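Structure first, then comments.
What follows is calculated from the coordinates using simple rules that are stated; it is not laboratory data. Just so it is clear, the model here is predicted, and its values are computed rather than measured. Using ideal geometry, Cβ is built from the backbone for each residue, glycine included, and neighbour counts are taken over all protein chains shown.
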Amino acid sequence: MTDEGPRSIAPADGTAADTQGIKIVGFLCNWCSYGGADTAGVCRFKQPTDLRVVRIPCTGRMDPLFIAKSLIYGVDGVLVSGCHPRDCHYAVGNFYARRRMEAFKAFLPFMGIDTRRFKYTWVSASEGQQWQKVVTEFSEQIHELGPNPGVRRQTGENSKVSTGLR
Amino acid sequence: MLETDRNQLHKLVEEALPELDMVIGWGQSTDSFQTTPVFVRDAKQISQLTLGPFCSQNLTGYLVKPPALDAAPKEGAKPIGICVKGCDSRSLVALIQEKFLTRERVRIFGIPCRGTVDWNKVGKLVDLSNVKSATVEEDVLVVDDSQTTHRIKLEEVLARKCYGCRYPNPLIQDVTIGEPATPRSTSIESSYRDVDRLDAKPLEERLDFWQSELDRCIRCYACRNACPLCVCQDKCIIESREPRWLTQRVGIPEKFLFHFIHAMHLAGRCTGCGECERACPMDIPVTLIKEKLNKIMEERLGYSAGLDVEAVPPLLTFNPGDTEI
Ligand code: SF4
Ligand code: SF4
């Protein structure tokens, strides 16, 4: 990610994204979901074009802060996908990931960030069809939510929210 | 009562000092009300030691921050004495649990705590620049600012963390000074009251709240430096160039990301001692961010940090049966 933030990410083939300019970042594990997405491509399943894929070695590598950074700077959606539980290439990576992502998902709204912009799922390398379904549904959900303004950049506005902190 | 406890502390430290490298405790600061950490190596310094509601600092950070001590004592090295309140003792448990310290490395002077004063709150009632003296009489704080004598109920000016404190008595200690204290809170609900209040607001208001609170953040990192469990020293990813998580930009997104990093790195480890919030010069409720994660850990995984030296922090392990935690 550059200093300009994820807004500067453009599709590698130089085509414009879609009309709304929606950008979704997908973190896919090398062994299952990346393969699943590949299968979907090889089978020529129609898929939404607003997903940018980042390949990770395993969902165990998935730092929830990748999601935080993306959403704070205005990425519209983050999709994490790995091997099904008990099917992890490294046996337990996705078990660690599941706890972290569940905790993170519960934490996000406390900071004012909509959890609907983040989803994690399990897709195996042979499940091209499942992948198509997951991406399409998530993309539709993000389109419904519209662009993510992220955290505002300008400073100096005072909040009107009173929380009654002790 | 404070006087008796103080004398007892002095006596116990005096007895133990020959076997110890030093004793870390609280002493009177140069102004007449705050305390400052003191490092007692010499019997002559013992009289500086004090205890009571002004002793707000969590001293356990000194055991692991630079100049850091060795976790395991070298051959013949003497243990280090340290004074802890209930909340501070949980930091010790966590540090021992994560092997930054061995239990033998420390001699713990446990001090049951009745709450510590938040001077920011007192400062809103009294002009702190003119304070002549400040004392505590039972549950009243008496502050003389050379014009008038203010009598303030202690209960109104405690640190925010104290109102939800379930463990005012040290959980790990070698000696105890004074009588056990009664916990202010005994339930999850009362401990996380502030979290629930913010959670009750609509999503946009929460974002608005944090945008405006964190806008004040000057990224001085005092909160991180004060945290006894932020132990990465010069490897902290907040300042590292490779990987480069944060830039020097001063926008709110950078501040958000900083606080996300701080909070996520403490998820399942934070004991809620409130040091980050106490250290913050901008009066930002920094601990509140971690309180939410603590609540998630407690409600969903039944885990509270700093209670058991044998336990494994929940995000460092898993259960194959987890679905939605
Ligand atoms: S914020 Fe994270 S990286 Fe930095 S010192 Fe704390 S735990 Fe370590
Ligand atoms: S101590 Fe306060 S101002 Fe400094 S970095 Fe932490 S939150 Fe920001």
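Calculate the FRET efficiency for residue B:103 and residue B:4 from the Cβ-Cβ distance with a Förster distance of 41 Å, rounded to the nearest 0.05.
Efficiency for this residue pair is about 0.90.
In terms of the ratio Rg/(2.2 N^0.38 Å) built on C-alpha atoms, what value belongs to the protein assembly as shown?
1.09
What residue among B:101, B:229, B:301 has the largest mean-square fluctuation in a Gaussian network model of chain B, using Cα springs under 10 Å?
B:301
Taking just the C-alpha trace of region B:177-325, give me its Rg and Dmax in Å.
Just the Cα atoms of region B:177-325 yield Rg and Dmax of 16.6, 51 Å.
For chain B, build the convex hull from the C-alpha positions and give me its volume per residue in Å³.
159
Could you work out how far the C-alpha centroid of region B:1-72 sits from that of region A:51-86, in angstrom?
Region B:1-72 and region A:51-86 have Cα centres spaced 47 Å from each other.
Testing the spin-label approximation: label points 7 Å from Cα along Cα→Cβ at residue A:87 and residue B:121. State their distance in nm.
5.4
So for each of A:21-34, A:70-83 I average, over its residues, the number of other beta carbons within 10 Å; can you give me the resulting order with the highest mean first?
A:70-83, A:21-34
Between residue B:247 and residue B:199, what's the calculated FRET efficiency when r is the beta-carbon distance and R0 is 35 Å? Round to 0.05.
0.65
Considering every pair of different Cα atoms, what Kirkwood radius, in Å, is found for region A:33-97?
Value: 13.2 Å, from the Cα pair sum.
Assuming a ≥ b ≥ c are the square roots of the Cα gyration tensor eigenvalues, decide whether region A:24-145 counts as rounded (a/c under 1.5), prolate (otherwise, with a/b larger than b/c) or oblate.
oblate
Report the label-to-label distance for residue A:152 and residue B:47 in nanometres (one decimal), using points 7 Å from each Cα along the Cα→Cβ vector.
5.8
List, in order, the whole-Hz ³J(HN,Hα) value for each residue of region A:135-147 obtained from phi through the Karplus relation with A = 6.51, B = -1.76, C = 1.60 and θ = phi - 60°; use x for Gly and Pro.
5, 5, 4, 5, 4, 4, 4, 5, 4, 5, 6, x, x
Pull up the cross-link candidates among the lysines for residue A:133, meaning alpha carbon to alpha carbon under 29 Å and not fewer than 8 places away within one chain.
The qualifying lysines are A:23, A:46, A:69, A:105, A:119.
Amide H of residue A:23: which non-local residues (sequence gap of 5 or more, or other chain) have their own amide H closer than 5 Å, using H built in the peptide plane?
A:76, A:77
Hey, which of these cross-link pairs are over 28 Å Cα-Cα: B:132/B:290; B:153/B:201; B:124/B:295; B:85/B:124; B:65/B:85?
B:132/B:290; B:153/B:201; B:124/B:295
Just tell me how shielded A:111-120 is by partners: mean number of partner chain Cβ atoms within 10 Å of each residue's Cβ, no decimals.
Shielding by partners across A:111-120 averages 4.
If R0 is 30 Å, what FRET efficiency do you get for residue B:312 and residue B:36 from their C-beta distance, rounded to 0.05?
Once the sixth-power term is evaluated, E becomes 0.25.
Using the Karplus curve 6.51 cos²θ - 1.76 cosθ + 1.60 with θ = phi - 60°, work out ³J(HN,Hα) for each residue of region B:35-42 in order, rounded to whole Hz, and write x for Gly and Pro.
Karplus values, whole Hz, x for Gly and Pro: 10, 9, x, 10, 10, 8, 10, 10.
For peptide B:192-201, how many partner chain Cβ atoms fall within 10 Å of a residue's Cβ, on average?
3
If you wrap a convex hull around the alpha carbons of region B:1-117, what volume per residue comes out, as a whole number of Å³?
Looking at region B:1-117, the number lands at 103 Å³ per residue.
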